[in-house]
Amino acid sequence: MNLPLMTRAVSHGDAVALRAETGTHSYRDLLERSRVLAIALLGDRDDLREARVALLVPPGLEYVAAQWGTWRAGGVTTPLCLSATEPEWEYSLTDSDAEIVITTTELAARIGPLCQRLGPRMLVVSDVTTVAPRELPDVTPDRRAMILYTSGTTSKPKGVVTTHANIQAQIESLVAAWEWSATDRIPLFLPLHHIHGIINVLSCGLWSGAQIETFSKFDAPTLLDRVRADAYSVFMAVPTIYVKLIQALQSASSSDRDAYCTGFGRMRLMVSGSAALPGSVHEEWFQLTGQKLLERYGMTEIGMALSNAYRGERRPGAVGVPLPGVEVRLKSESSQLIRSENEPGEIQVRGPSVFGEYWNRPEITVESFDDGWFRTGDMAVIEDGYYHIMGRLSVDIIKSGGYKLSALEIEATLLEHPVICECAVIGIPDDTWGEAVAAAVVLKDGASLDIDSLRAWCRERQSTYKIPKQLLVVDALPRNAMGKVTKPAVRQLFGSP
Ligand code: MLC
Ligand code: AMP
C-alpha cells in the first residue's frame, strides 16, 4: 500500500473515522472495505491502469470504500452529482469514458438502465462481501486519481484531472495552514462531487486521523442539534449555508439560539469558501457566535490557493495570502505582472497542487496556462497585504449556492425548449444564493411561457441549481453592432447593476 492517505490510515487504526446515522466506522474498517472493493474492481486484471470509475454513492463508508478502493486498484474516480438528471449523468459517463459505475442498492435502479444503454459495468457496493486475498498494484503519485466536472466558459462541463501527487499537495497545504489534528471532529454535508467536500473536508479529515460525521444533505435543524451537543471542532461551508444557518438561528427560541451559538463559539475553526462571503454575513455570524469566519479562495483546478490567517487576522471581504506550497501572482489585462498593491489583475497560480490537464481537451488545457501558471479567470487586488477577489473575467460563469454554473450550458438547454427561440442567461445578485440564475427569452410567435412551467420543464434536464429562478419574456435581446448579445444590457433588463 503506497498511497499516503492509506498508509496513514493504518496508523490511525481503530480510531473512529466516520460517524453516520447507521453507526461508526474506524480507519481499519475503511481500509478493509476499500481493499475488498479494490479486488472486486480488478476482477482478473492486475491494475485498472487509470480506467475511469464513476461513483454514484452518498457520503459515508460506502463512498470512502469506493473512492479508496478505486485508487488502490489503480483507477480514476469520477464522482457523480447525486441529484443530477439522467442527461447530466450520461454526459459525465460518456465524456470520461467510464468503464465501471459504483453505486448503492438504492441508486442502482436509477443509474442501472443508463449503464445498460451506455455499457459500463455496474457494481453495487453492498454486493461485494468476500473476495480471495491478493496483491494490489503499486500506484505511483504521478498517476491520475480523479476527474471532477466543472462548468466554465465552454458550453459543457470539463473534466479536471488531478493526480495523487496533486491531491496530496492540496491536502498537506490545508492540514498545515489550518492545523488539522487527530482530535478534530467535522460535519460533512457538502456534496462529494466537488473539491470543497472531497478535499477540504473528507480528505483533510481522513489524512489527519480526525472524525467526520456524514450527512446525506444539509439540514439546519439536524446540524444545529449536533452543534449544541459540541459534536464538532471544525466547520466548513459555503456562504449560502451560513446565510441559511443565520435564518435558522434567528427563528429559534432565545434559549435554543443561545445553546446553538455557544456550540458554534466553542469550535476551533469555522471556514467559508467557494463563493464570496458578504461582509454583512461575516459580521452577523461574529455577532451571533463570536466566531470570525476564516474565508479562503480556491478552485477545482488548483485546490485552495489563498486563505486568511488561522492564527492572525481574518479580514472580512478578503481572502488572505497564498497557502503553503502555493505560488500566486496577478497579471494585468495587458499581460503585465502586477508588483504593487491596489492594482487589479487576474489571479494565476502555480505549484504542486495545480492540476495538469482537462480530460481529453488538450487545446483548452494549453490555453488555460500562461508559462506554467494556471489562469483562474478571477480578478483580484492586494490591499494591505491581503488579496481581495473582485469578480470574474467571464460574464458567463455564475456562482450560485457555491456551485459554478455556465450560462452557456443553461442557454443551450433552454434553446431546446419548444417555444424559446432566443435566450440569454445571467447571474443576478441574491442574498441567499450569492447569485441566482435569470433568463431573458424571446418566444416563438404567439407562444407564452411562465416561470413555473419553465422550471418544471428544466427539472427533467438539469440539476435544480441550474434552473432559472427568474424569467423575463422580451421581444428582442439587446445586441451590439456585431449582433452579439450584450450581457450587461441583459442585466439591466433585470434591474441588476
Ligand atoms: C437549490 N435551490 C436553489 C438553488 N439550489 N434556488 C436558487 N439557486 C440555487 N442555487 C432551490 C431548489 O430548487 C429548491 O426549491 C430549494 O432551493 C431547496 O433545494 P435543495 O437542493 O434542497 O437546497 P439545499 O439542500 O438547501 O441546498 C443548498 C446548499 C447546496 C447550499 C446546501 O446548494 C450545496 O450543497 N451547495 C454547495 C455546493 C458546493 O459544494 N460547492 C463547492 C464547489 S468547489 P423548491 O422550490 O424545489 O423547494 C469550489 C471550489 C472552492 O467552489 O473554492 O471550494
Ligand atoms: P469551482 O470551479 O466550482 O471550483 O469554483 C471556483 C470558483 O469559485 C473560483 O474561480 C472563484 O470564482 C469562486 N470562489 C471560490 N472561493 C471564493 C471566495 N472566497 N470568494 C470569491 N469567489 C470564490
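DSSP loop (so not H, G, I, E, B), at most 10 other Cβ within 10 Å: list which GluC sites (Glu not before Pro) in the range 56-165 pass both filters. Before the final figure, lay out the partial values.
Working: sites: E62, E88, E90, E99, E106, E135; in loops: E99, E135.
Those that pass, being in a loop and sparsely packed, are E135.
Specify the inter-centroid distance of the range 229-304 and the range 319-387, based on alpha-carbon positions, in whole Å.
28
Counting helices only, and only those DSSP H runs with n ≥ 4, report the 222 nm mean residue ellipticity of the chain as the sum of -39,500 (n - 2.57) divided by its residues, in deg cm²/dmol to the nearest 500. Before the final figure, lay out the partial values.
Values: 15 runs with 156 residues, N = 497.
Helix contribution divided over all residues of the chain: -9500 deg cm²/dmol.
What's the longest uninterrupted piece of the chain once you rule out the trypsin sites (Lys or Arg not before Pro) that are loop residues per DSSP with at most 10 other Cβ within 10 Å?
135-310
What is the set of long-range amide H partners of V271 at a cut-off below 5 Å, with H atoms built 1.01 Å from backbone N?
Here the answer is F235, M236, A237, L294, since their amide H atoms fall under 5 Å of that of V271.
So how much accessible area does V366 have, in Å² to the nearest 10, using a 1.4 Å probe?
Estimated to the nearest 10 Å², V366 gives 110 Å².
Two decimals is fine: what is log10 I(q)/I(0) at q = 0.15, 0.17, 0.23, 0.24 Å⁻¹ for the range 130-239, from a Debye sum with one equal scatterer on every Cα and no solvent?
The calculated log intensity ratios at q = 0.15, 0.17, 0.23, 0.24 Å⁻¹ are -0.80, -0.95, -1.25, -1.29.
Please report Rg over Rh for the range 4-163, where both radii come from the alpha carbon positions and Rh follows the Kirkwood definition. List each step's numbers first, then the result.
Details: Rg = 15.5 Å, Rh = 16.1 Å.
So for the range 4-163, dividing Rg by the Kirkwood Rh gives 0.96.
Considering only N360, A305, L277, whose Cα is most displaced toward the positive end of the charge dipole of the range 272-365, charges sitting on Cβ of Lys, Arg (+1) and Asp, Glu (-1)?
A305
Which value, in Å to one decimal place, does the Kirkwood hydrodynamic radius take for the range 248-296 when every pair of different Cα atoms is included? Please list the in-between numbers first.
Values: mean 1/r = 0.0879 Å⁻¹.
About 11.4 Å for the range 248-296.
Rounded to the nearest 10 Å², what accessible area does D371 show when all protein chains are kept and the probe is 1.4 Å?
130
Give the ranking of S448, S453 by solvent-accessible surface, highest area first, calculated with a 1.4 Å probe. Write out the running numbers ahead of the final one.
Numbers: S448 100, S453 55 Å².
Per-residue accessible area, sorted high to low, gives S448, S453.
Would you mind telling me the antiparallel percentage of the DSSP bridges in the chain, rounded to 5?
65
Where nothing but the Cβ of Lys and Arg (+1) and of Asp and Glu (-1) is charged, how large is the charge dipole of the range 4-163 around its Cα centre, in debye to the nearest 20?
I would put it at about 200 debye.
With a bin width of 20 angstrom, please list the P(r) values of the chain as percents of all Cα-Cα pairs, from the 0 bin to the one holding the largest distance.
For the chain, the binned pair fractions read 22, 56, 21, 0 percent.
Rounding to the nearest 20 debye, state how big the charge dipole of the chain is about its Cα centre with +1 on each Lys and Arg Cβ and -1 on each Asp and Glu Cβ.
340
With a cap of 11 neighbouring Cβ atoms within 10 Å, and only residues DSSP puts in a loop, list the chymotrypsin sites (Phe, Trp or Tyr not before Pro) found in the range 232-333.
Qualifying residues, ordered by number: none.
May I ask for the distance between the Cα centers of the range 443-497 and the range 1-80, given as a whole number of Å?
The range 443-497 and the range 1-80 have Cα centres spaced 43 Å from each other.
If you take the charge dipole of the chain about its Cα centre, with +1 on Lys and Arg Cβ and -1 on Asp and Glu Cβ, which of V57, P133, I420 is farthest toward its positive end?
Farthest along the dipole direction, towards plus: P133.
For S11, S274, give the ranking by accessible area with the largest first, probe 1.4 Å.
Details: S11 95, S274 30 Å².
Of S11, S274, the descending order of accessible area is S11, S274.
Return the Rg/Rh ratio of the range 397-493 with Cα-based radii and a Kirkwood Rh.
0.94
Considering only DSSP beta bridges with both partners in the range 90-231, what is the antiparallel share in %, to the nearest 5? Walk me through the numbers on the way to the answer.
Numbers: 6 of 14 bridges.
Of the beta bridges lying entirely in the range 90-231, close to 45 percent run antiparallel.
Using only Cα atoms, what is the ratio of the radius of gyration of the range 156-304 to 2.2 N^0.38 Å?
Numbers: Rg = 15.3 Å, N = 149, 2.2 N^0.38 = 14.7 Å.
Cα Rg divided by the expected 2.2 N^0.38 Å: 1.04.
Output the relative contact order of the chain, whole-number percent, from Cα pairs under 8 angstrom with separation of 6+ residues.
Details: 1023 pairs, mean separation 57.6, N = 497.
Averaging sequence separation for qualifying contacts and normalising by length gives 12 percent for the chain.
Under a point-charge model restricted to the Cβ atoms of Lys and Arg (+1) and Asp and Glu (-1), what is the dipole moment magnitude of the range 331-423 relative to its Cα centre, in debye to the nearest 20?
Details: 8 positive and 17 negative charges, 54 e Å.
My answer is approximately 260 debye.
The values are calculated or read from the model by the stated rules, or taken from the named source; none is laboratory data. In this text, all values refer to a predicted model and were calculated from it rather than measured experimentally. Using ideal geometry, Cβ is built from the backbone for each residue, glycine included, and neighbour counts are taken over all protein chains shown. For the accessible areas, the whole protein counts, side chains as well, though only heavy atoms, and no ligand, DNA or RNA atoms are used. Shrake-Rupley method; radii C 1.70, N 1.55, O 1.52, S 1.80 Å.
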